[in-house]
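Quick notes on the structure that follows.
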């Protein structure tokens, strides 16, 4: 479930507390201090024997050094980047450390039974190919340098092509966090950076994480729900920001003035989940970056069904290939007259009333104004049908959508499951049993029947809703950890839903 207001207040207090030092006051990062040497018990007369000189050459019969494992993470070093300012070449100064990523990649390799490494890089040497480095990592405790227009364009293209960007505030310093949010807005001005709901697969991809311990300054450890912020591209968190230090190498008892950090063990578990999710969804991310073009999308509208998708203030378009994929399937497998065209409309747009069917989806919570609710109510009471599903089966959209329907139809019954003998399940396909994705079956073993819900007006279905994802199946891109229907049954249900909406 999404974080409660009380829990979010705790998180806000934790993050703001990281700025307890004065803005201009220097911060001594303990991660850059050399480790204290362990005491030696050797007596004054003891020493290590000298190596023989000259050194013995490597024999041909001895094993040669194994090739380096493939690189998974590229750690960006901005200090190697120079820019031109007022005709002068200026080098960026951005202190960073590698201790956290070194420890995390070792721990992840051992737990996930993989062999990967991290690779220091900079924005001049990097090829911007996600297949070379699927994950880019930036960490620091001072303000992050501003990206140039060219760097932002290349980084944005890297993310759309399937790459993942992770930003991590060492010691939870607000100087870094504020600058990271600034650069993320530059990369994706139209995509929100928001806290992840705790049912996001990032918190369960390998370890199930429902609570994490954190410490502020030298205060005792406290427990909170895991907190990360992210920008979604499709149904994957493609840009991830941790304003709290993941503390992968520190002794948790080390006092830090002006620092906020997770317990080391919890930070490692969250880091492993991040790597596991990145690997699991890499092929999905690459496929999502290939835009499918349907030959009728730009054609003039004929006397056929054109589906309108509703725009809201959440992640309203996580599955842009879904409706075109469904309509292509309908054309090939049925006699329904459907045009390959998707139109996007705001909830307040009066053009909604010109459509018989509208579609809505999303990932996270959203809000609707009174004007949006009133226009949706007018659409439904004029005979329109609203089809909706929670992309990836995310709980944030599910709760927000149910609240929207309740506001739009206050006198109607709540959304309730469609009976097994509902006409919707009878044609064009007779659907009695369906297959769900592994995540659904892990949470609800033995579930085999469809779980569509609806709201009725004057005995007719005005709202058809699925809390399990249909749209990810319509896209057929293979999203890992999808809480939905397998592709064949998602498509068959989609055909029946469209047919029922057109004929009833």
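Report the residue count in the stretch 251-269 for those that are buried (at least 24 other Cβ atoms within 10 Å of the Cβ) and under 24 Å from residue 112 (Cα atoms). Give the steps one after another, and end with the answer.
Of the stretch 251-269, the ones buried (at least 24 other Cβ atoms within 10 Å of the Cβ) are 259-262, 267.
Checking which are under 24 Å from residue 112 (Cα atoms) leaves us with 262, 267.
Qualifying residue count for the region: 2.
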Quickly run through the stretch 217-239 and pick out the residues that are closer than 27 Å to residue 28 by Cβ and not in a loop (DSSP other than H, G, I, E, B). 222, 224, 229
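Whether any residue in the stretch 468-479 is in contact with a strand residue (DSSP E or B) (Cβ under 6 Å, 6 or more places away or on another chain), within 25 Å of residue 276 (Cβ to Cβ), in contact (Cβ under 8 Å) with a residue 12 or more places away in the chain and not in a helix (DSSP H, G or I) is what I want to check. Step through it out loud before you land on a result.
Quick first cut of the stretch 468-479, residues in contact with a strand residue (DSSP E or B) (Cβ under 6 Å, 6 or more places away or on another chain) only: 468-473.
If we keep only those that are within 25 Å of residue 276 (Cβ to Cβ) too, we end up with 468-469, 471-473.
Imposing the further condition that a residue be in contact (Cβ under 8 Å) with a residue 12 or more places away in the chain reduces the set to 468-469, 471-473.
Filter once more, keeping what is not in a helix (DSSP H, G or I): 468-469.
Scanning the stretch 468-479, I find at least one residue that is in contact with a strand residue (DSSP E or B) (Cβ under 6 Å, 6 or more places away or on another chain), within 25 Å of residue 276 (Cβ to Cβ), in contact (Cβ under 8 Å) with a residue 12 or more places away in the chain and not in a helix (DSSP H, G or I), so the answer is yes.
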Every listed condition ((1) touching a helix residue (DSSP H, G or I) at 6+ places or on another chain (Cβ under 6 Å); (2) surrounded by fewer than 17 Cβ atoms within 10 Å (Cβ to Cβ)) holds for residue 473 save (2)
Run down 214, 207, 176 and say which single residue is in contact with a strand residue (DSSP E or B) (Cβ under 6 Å, 6 or more places away or on another chain) and not in a strand (DSSP E or B). 176
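Of the residues 446, 484, 393, which is surrounded by fewer than 16 Cβ atoms within 10 Å (Cβ to Cβ) and more than 16 Å from residue 498 (Cβ to Cβ)?
446
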Considering only residues that are in contact with a helix residue (DSSP H, G or I) (Cβ under 8 Å, 6 or more places away or on another chain), within 22 Å of residue 459 (Cβ to Cβ) and not in a helix (DSSP H, G or I), which ones fall in the stretch 381-411? 382, 384, 385, 386, 387, 388, 409
(1) at positive phi; (2) crowded, with 23+ Cβ neighbours inside 10 Å all hold for residue 217 apart from (2)
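Which members of the stretch 428-467 meet the condition of being part of a loop (DSSP other than H, G, I, E, B), over 30 Å from residue 289 (Cβ atoms) and touching a residue at least 40 places away in the same chain (Cβ under 8 Å)?
Here is the first cut: in the stretch 428-467, the residues part of a loop (DSSP other than H, G, I, E, B) are 428-435, 437, 444-452, 458-459, 467.
Remaining after also requiring over 30 Å from residue 289 (Cβ atoms): 428-433, 444-452, 458-459.
Across the stretch 428-467, the qualifying residues are 428, 429, 431, 450, 452.
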Return the residues of the stretch 144-180 that are within 30 Å of residue 216 (Cβ to Cβ) and surrounded by fewer than 17 Cβ atoms within 10 Å (Cβ to Cβ); say none if nothing qualifies. 146, 178
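Is it the case that residue 174 is under 26 Å from residue 99 (Cβ atoms) and either over 19 Å from the mean Cα position of the chain (by Cα) or at pLDDT 95 or above (or both)? First the steps, then the outcome.
Details: under 26 Å from residue 99 (Cβ atoms): yes; either over 19 Å from the mean Cα position of the chain (by Cα) or at pLDDT 95 or above (or both): yes.
Yes, satisfied.
Quick check on this structure: which one of 446, 494 is assigned by TED's automatic domain parsing to the domain that holds residue 328 and on the phi > 0 side of the Ramachandran plot? Quick ask: steps written out before the conclusion?
Details: 494 fails: on the phi > 0 side of the Ramachandran plot.
Criteria check complete, one pass: 446.
The values are calculated or read from the model by the stated rules, or taken from the named source; none is laboratory data. This one's a predicted model, so the numbers in the text were calculated from it and none came from an experiment. Positions of Cβ are backbone-derived with ideal geometry, glycine not excepted, and every protein chain shown enters the neighbour counts.
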